[in-house]
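Here is the structure we will look at.
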Amino acid sequence: MTAVSGRAGRLLATSDLHVAYEENRRLVADLRPGSDEDWLLVAGDVGERVEDIHWALELLAGRFAQVVWAPGNHELWTPTNDPVELRGVQRYDHLVELCRGLGVLTPEDPYPVWDGPGGPVTIAPLFLLYDYTFRPDGTTSRDEALAVARDAGVVCTDEFLLHPDPYPSRDLWSWARIEETERRLALCDPELPTVLINHWPLVREPTRVLRYPEFALWCGSERTADWHVRFRAAAVVYGHLHIPRTTWYDGVRFEEVSIGYPREWKKHNLRRGTLRQILPAPAPAPAPAPAPAPASG
């Protein structure tokens, strides 16, 4: 495919589109590539209703050379206003089939290779959930950590709307996803670096700036703390926290690429860069540390 105006393609990313909000819907409707060869990584939380998720992904798939999607917690909710009443694994599988019908790649598809500028790299969309191991200081178990969070008035909506069926719990579903994904990543070409895309951060450090630290319980797993090193990540893309920024761990670039709710992206002036460039790697630029933000829910 020939790039528009001679520009080379780029690997771009976004997450937490939350298109149920009309202002976000308009923002997403305005998203366009800069080149016919641009790919777009979408790191979850497109919306809650299947109809909204379909609208957004169909729109983006029609504009970008390739869209790659990893689910967030909001896609996995079973809200009462959604005619699609599927829960848990069945809901996820339904969304995977929806994506395949649109030509959107998912964590269930073979990992593609980006051969554009900054490549070749293996593009790995992940679906890992969380296992309650990002616990408050002084707690040693899931139940104890959840009790501390509840006492602090912090309870993620997942506890009511994200059903793990047929798994007995979300953490058991997470462990199954982590084990299968770890196996697949180990089979990737060892000569190629990777770009890892997961809705939840792979390491705990980004959650340290949450205004409500107890919310970290719903943000990832200690089991993935070294994946960016083990699996040769050139970059890690995530969302969920609604604190868009670039950080570095063990020399690896981590990009939190969320749009978030209207009140958040207006406050943080996210229009400065709604789509984040992942590859080719942008020139580093100093940035002020972000102010703590409320948990996303």
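When each of 196, 202, 187, 210 is tested for being of a type in the set (A, V, I, L, M, F, W, C) and surrounded by fewer than 19 Cβ atoms within 10 Å (Cβ to Cβ), the lone residue that passes is 187. Considering the stretch 211-242, the residues that are in contact with a helix residue (DSSP H, G or I) (Cβ under 9 Å, 6 or more places away or on another chain) and of a type in the set (D, E, K, R) include one that is farthest from residue 180 (Cα to Cα), namely 214.
Taking first residues from the stretch 58-73 that are surrounded by 24 or more Cβ atoms within 10 Å (Cβ to Cβ) and partners that are of a type in the set (Ser, Thr, Tyr) and in a loop (DSSP other than H, G, I, E, B), the Cβ contacts under 7 Å between residues at least 6 apart in sequence or on separate chains come to 69/106.
Does residue 100 qualify as being within 16 Å of residue 163 (Cα to Cα) and either more than 17 Å from the chain's Cα centre (by Cα) or aromatic (Phe, Trp, Tyr) (or both)? Walk me through how you get there before you give the answer.
Values: within 16 Å of residue 163 (Cα to Cα): no; either more than 17 Å from the chain's Cα centre (by Cα) or aromatic (Phe, Trp, Tyr) (or both): yes.
Answer is no for this residue.
If you check 261, 238, 249 for being surrounded by fewer than 23 Cβ atoms within 10 Å (Cβ to Cβ) and within 15 Å of residue 72 (Cβ to Cβ), only one passes: 261.
Taken as a whole, the stretch 25-38 holds no residue that is under 20 Å from residue 164 (Cβ atoms), in contact (Cβ under 8 Å) with a residue 40 or more places away in the chain and in contact with a Lys or Arg (Cβ under 8 Å, 6 or more places away or on another chain).
Apart from one condition, residue 102 fits all of (1) surrounded by 15 or more Cβ atoms within 10 Å (Cβ to Cβ); (2) within 25 Å of residue 255 (Cα to Cα); (3) touching a residue at least 24 places away in the same chain (Cβ under 8 Å); (4) not aromatic (Phe, Trp, Tyr); the exception is (2). Of the residues that make up the stretch 38-45, is at least one surrounded by fewer than 18 Cβ atoms within 10 Å (Cβ to Cβ) and either of a type outside the set (Asp, Glu) or within 20 Å of residue 234 (Cβ to Cβ) (or both)? No. When you scan the stretch 258-272, do you find a residue that is touching a Phe, Trp or Tyr at 6+ places or on another chain (Cβ under 7 Å), modelled with pLDDT of 90 or more and polar (S, T, N, Q), even just one? Within the stretch 258-272, none of the residues are touching a Phe, Trp or Tyr at 6+ places or on another chain (Cβ under 7 Å), modelled with pLDDT of 90 or more and polar (S, T, N, Q).
Taken residue by residue, the stretch 112-124 has at least one member that is among the aliphatic types (A, V, I, L, M) and surrounded by fewer than 20 Cβ atoms within 10 Å (Cβ to Cβ).
The values are calculated or read from the model by the stated rules, or taken from the named source; none is laboratory data. Just so you know, these numbers come straight off a predicted model, no measurement behind them. Cβ: placed from backbone, ideal geometry, glycine included. Neighbour counts: every protein chain shown.
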